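The values are calculated or read from the model by the stated rules, or taken from the named source; none is laboratory data. Please read all numbers here as calculations on a predicted model, not as lab measurements. Cβ: placed from backbone, ideal geometry, glycine included. Neighbour counts: every protein chain shown. The accessibility values were calculated without ligands, DNA or RNA, using every heavy atom of the protein model including side chains. Shrake-Rupley method; radii C 1.70, N 1.55, O 1.52, S 1.80 Å.
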Amino acid sequence: MVQDRSDNRENAARPGPQANPNATSTKRSFEVRLSEEHIRAMFDAMDEGVVLQDASSRIISSNPSAARLLGLTEDELAGRTSLDPRWRLVRADGTDLPPREQPSMQCLSTGTPVRNFVLGVDIPGGGRRWLKISSVPIFEDGFARPVQTVTTFSDITELKHQEILLDSALSAAKQAMLAKQEFLANISHELRT
């Protein structure tokens, strides 16, 4: 059955009620607030940590996963800087990572993003958590240097442990192969003499 749409066209052509400017402003305010709530809910739901740092590297905002991944409470994390002496960080090879080489600090000093940086952080409860980190600068008009950075990080501890096990197995296999070659060379030498 075909529907006659002429009524819809006539209704669409009729002028509607005049928009109340106060209602429009209230609606926009509600939409902005709703949008902010949605964005906050998305960040809170993420497994990845997200921190916002100011130009002095002070953490001004974070999501719950950031605190969890760093072994801290949200209150303990708030206000910390990358230069805080309580951080114990290491490079992917296990050597100490100076504060100025941390991704957010590099990002603040150079104004360029740092992506997929791997580091280990000793967490207060004990143990080391391995993180893959990306940090991007935020600029404001009139400022040549970043005024903030957004840093995201994910837990790659299990992957890092698998990498260590694989390296260990490869090393053991290489040593076994060298021992086998040495043994065969000795046997060959014995058989010739």
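A few remarks follow.
- Neighbour net charge for residue 83 - beta-carbon separation under 15 angstrom, K R +1, D E -1: +1
- FRET efficiency for the pair residue 40 and residue 168, taken as 1/(1 + (r/R0)^6) with r the Cβ-Cβ distance and R0 = 45 Å, rounds to 0.55.
- Ordering of 172-178, 68-74 by packing [mean C-beta count within 10 Å, highest first]: 68-74, 172-178
- Inter-centroid distance (Cα atoms) of the stretch 87-117 relative to the stretch 48-66, Å: 15 Å
- Between 176, 164, 150, the Cα set farthest toward the positive side of the dipole of the stretch 149-193 (charges on each charged residue's Cβ, about the Cα centre) is that of 176.
- Whole-Hz couplings from phi, Karplus 6.51/-1.76/1.60, listed for the stretch 73-84; x for Gly and Pro: 8, 4, 5, 5, 6, 4, x, 5, 10, 5, 8, 4
- Listed by chain and number, the aspartates and glutamates whose alpha-carbon sits under 18 Å from that of residue 180, ignoring those within fewer than 8 places in the same chain, are 190.
- Proximity of backbone amide H atoms, modeled 1.01 Å from N, is registered between residue 119 and 131, 133 at under 5 Å, excluding neighbours fewer than 5 places apart on the same chain.
- Accessible area per residue was computed with a 1.4 Å probe on protein heavy atoms; residue 182 scores about 120 Å².
- Residue 95 versus residue 184: modelled label distance in nm, points set 7 Å from Cα along the beta carbon direction: 3.7 nm
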